[in-house]
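A.B. asks: One structure, as structure tokens, below. Some questions next.
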Amino acid sequence: IRNRVIKAEKLQAVEQMGAAISHEIRNPLAAASGFVQLLKEAELPPVKREIYLSLVRDELDAAEKVIRDYLTFAKPAIEKQDDFSVIEEVEHVIRVVQPLANQNSVEIATFFTGSGCLRGDRQKFHQVFINVLKNAVEAMPGGGYLTIRVTSNRSDISVIVTDTGMGMTKEQVERLGEPYYSTKGKRGTGLGMMVVYSIVRAMDGTIKVNSEVGKGTTFYFKFPEAASE
Ligand code: ADP
Ligand code: MG
């Protein structure tokens, strides 16, 4: 029963976040729609037209960014629980992020010294590592190395992500996961890490961060291995 209560609370937290997210998407869409309305004006001077069009584009970009960070939460709250291989899913995520890494001259290396299965929603697992790897690449604007390790012991599986990027101060590390906390100005949403923390918590996992300004960052994720029969 205790387990079921915890589960219900977790689901509730996820649902509340879903509501917050759709709000985040609705705002820029409503704004874009407002500018489209203005564009319908018959005698609109070309300069104004340009301004409205670029505002529409900005708002659509904003909505798109939120969706990218939140993707899995936009889906129905029904959790799809199944067992999946950590290595297979990590490899999947790397394929998704590879083009972005290439664009930024970031070299990806993987070290799989352990393996195992997790129980949970693999879509959400993807979202965690898409957000983390994206941040890592974005922390290396001049290129660098992104290393992903998977290790395991009898009871849990670790995924360790290291970048050689700009790093974070202690204060920045402490604020990770805080909604809207971003150092990227208009290019950031500050929602990615919040999604990461909430999904990992729901999977009974833990996150540790080690970071040094100018040197890089390592994220340590640990998940309890799915019980095998
Ligand atoms: P966003 O990426 O939209 O800014 P996130 O929630 O994904 O929002 O990340 C929040 C902030 O955490 C980032 O703006 C950045 O300052 C910091 N951060 C996250 N990952 C890293 C990293 N690997 N290296 C340096 N800073 C990071
Ligand atoms: Mg991010």
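A.B. asks: Scan the stretch 168-227 residue by residue and report those that are among the hydrophobic types (A, V, I, L, M, F, W, C), away from ligand 2 (no atom under 13 Å from the Cβ) and at pLDDT 95 or above.
C.D. replies: Filtering the stretch 168-227 for residues among the hydrophobic types (A, V, I, L, M, F, W, C) gives 168, 173, 176, 191, 193-196, 199-200, 202-203, 207, 209, 213, 219, 221, 223, 226-227.
Going one step further and asking which of them are away from ligand 2 (no atom under 13 Å from the Cβ), we end up with 173, 199-200, 202-203, 207, 209, 213, 221, 223, 226-227.
Within the stretch 168-227, Val173, Ile207, Val209, Val213, Phe221, Phe223 qualify.
A.B. asks: Is there a residue being at pLDDT below 75 and in a helix (DSSP H, G or I) anywhere in the stretch 50-69?
C.D. replies: Our first condition is that a residue be at pLDDT below 75; within the stretch 50-69, this holds for 69.
Then keep just the ones that are in a helix (DSSP H, G or I); that gives 69.
Looking through the stretch 50-69, at least one residue is at pLDDT below 75 and in a helix (DSSP H, G or I).
A.B. asks: Can we say Ser198 is farther than 26 Å from Ala109 by Cα, of a type in the set (S, T, N, Q) and either within 13 Å of ligand 1 (Cβ to nearest atom) or without any contact (Cβ under 8 Å) to a residue 40 or more places away in the chain (or both)? First the steps, then the outcome.
C.D. replies: Values: farther than 26 Å from Ala109 by Cα: yes; of a type in the set (S, T, N, Q): yes; either within 13 Å of ligand 1 (Cβ to nearest atom) or without any contact (Cβ under 8 Å) to a residue 40 or more places away in the chain (or both): yes.
In short, yes.
A.B. asks: Is it the case that Gly165 is at pLDDT 90 or above, within 13 Å of ligand 2 (Cβ to nearest atom) and more than 17 Å from Pro224 (Cβ to Cβ)? Before you say what the answer is, go through the steps one by one.
C.D. replies: Working: at pLDDT 90 or above: yes; within 13 Å of ligand 2 (Cβ to nearest atom): yes; more than 17 Å from Pro224 (Cβ to Cβ): yes.
For Gly165, the condition - at pLDDT 90 or above, within 13 Å of ligand 2 (Cβ to nearest atom) and more than 17 Å from Pro224 (Cβ to Cβ) - is met.
A.B. asks: Just to be sure, is Lys134 basic (Lys, Arg), modelled with pLDDT of 90 or more and within 15 Å of the chain's Cα centre (by Cα)?
C.D. replies: On the way: basic (Lys, Arg): yes; modelled with pLDDT of 90 or more: yes; within 15 Å of the chain's Cα centre (by Cα): yes.
Yes: the conditions hold for Lys134.
A.B. asks: Sticking with this structure for a sec: Looking only at the stretch 141-160, filter to residues that are within 13 Å of ligand 1 (Cβ to nearest atom) and touching a residue at least 40 places away in the same chain (Cβ under 8 Å); which one of those is farthest from Tyr197 (Cα to Cα)? It would help to see each step written out before you state the result.
C.D. replies: The initial filter retains those residues of the stretch 141-160 that are within 13 Å of ligand 1 (Cβ to nearest atom), namely 141, 144-148, 160.
So of that shortlist, the ones also touching a residue at least 40 places away in the same chain (Cβ under 8 Å) come out as 144, 146, 148, 160.
Numbers: Gly144: 25, Leu146: 21, Ile148: 18, Ile160: 15 Å.
Once the filter is applied, the top-ranked residue is Gly144.
A.B. asks: Name the single residue, out of those in the stretch 70-96 being assigned to a helix (DSSP H, G or I) and in contact with a Ser or Thr (Cβ under 8 Å, 6 or more places away or on another chain), that is modelled with the lowest pLDDT.
C.D. replies: In the first step, residues of the stretch 70-96 are kept if they are assigned to a helix (DSSP H, G or I); the result is 70-74, 86-96.
Cutting the leftovers down to in contact with a Ser or Thr (Cβ under 8 Å, 6 or more places away or on another chain) gives us 74, 86-87, 90-91, 94.
Numbers: Ala74: 49, Val86: 97, Ile87: 97, Val90: 96, Glu91: 95, Ile94: 94.
Checking each candidate, the answer is Ala74.
A.B. asks: Would the stretch 171-183 turn up any residue that is surrounded by fewer than 17 Cβ atoms within 10 Å (Cβ to Cβ), free of Cβ contacts under 8 Å to residues at least 40 places away in the same chain, among the acidic types (Asp, Glu) and near ligand 1 (Cβ under 9 Å from one of its atoms)?
C.D. replies: Yes: the stretch 171-183 contains one or more residues that are surrounded by fewer than 17 Cβ atoms within 10 Å (Cβ to Cβ), free of Cβ contacts under 8 Å to residues at least 40 places away in the same chain, among the acidic types (Asp, Glu) and near ligand 1 (Cβ under 9 Å from one of its atoms).
A.B. asks: Further question: For the stretch 184-199, which positions are under 19 Å from Asn27 (Cα atoms) and either of a type in the set (Ser, Thr, Tyr) or buried (at least 16 other Cβ atoms within 10 Å of the Cβ) (or both)? Steps first, answer last, please.
C.D. replies: Within the stretch 184-199, the first condition is being under 19 Å from Asn27 (Cα atoms), and the residues that meet it are 185-192.
Gly188, Thr189, Gly190, Leu191, Gly192, listed by residue number.
A.B. asks: Please enumerate the residues belonging to the stretch 201-229 that are surrounded by 15 or more Cβ atoms within 10 Å (Cβ to Cβ), of a type in the set (Asp, Glu) and touching a residue at least 24 places away in the same chain (Cβ under 8 Å).
C.D. replies: Glu225
A.B. asks: Of all residues being more than 12 Å from ligand 2 (Cβ to nearest atom) and surrounded by fewer than 19 Cβ atoms within 10 Å (Cβ to Cβ) in the stretch 123-151, which is farthest from Lys184 (Cα to Cα)? Just the residue, please.
C.D. replies: Among those that are more than 12 Å from ligand 2 (Cβ to nearest atom) and surrounded by fewer than 19 Cβ atoms within 10 Å (Cβ to Cβ), it is Thr151.
The values are calculated or read from the model by the stated rules, or taken from the named source; none is laboratory data. As the structure is a prediction and not an experimental result, all values here were calculated from the model. As a convention, Cβ positions derive from the backbone with ideal geometry for all residues, glycine included, and neighbour counts pool all protein chains shown.
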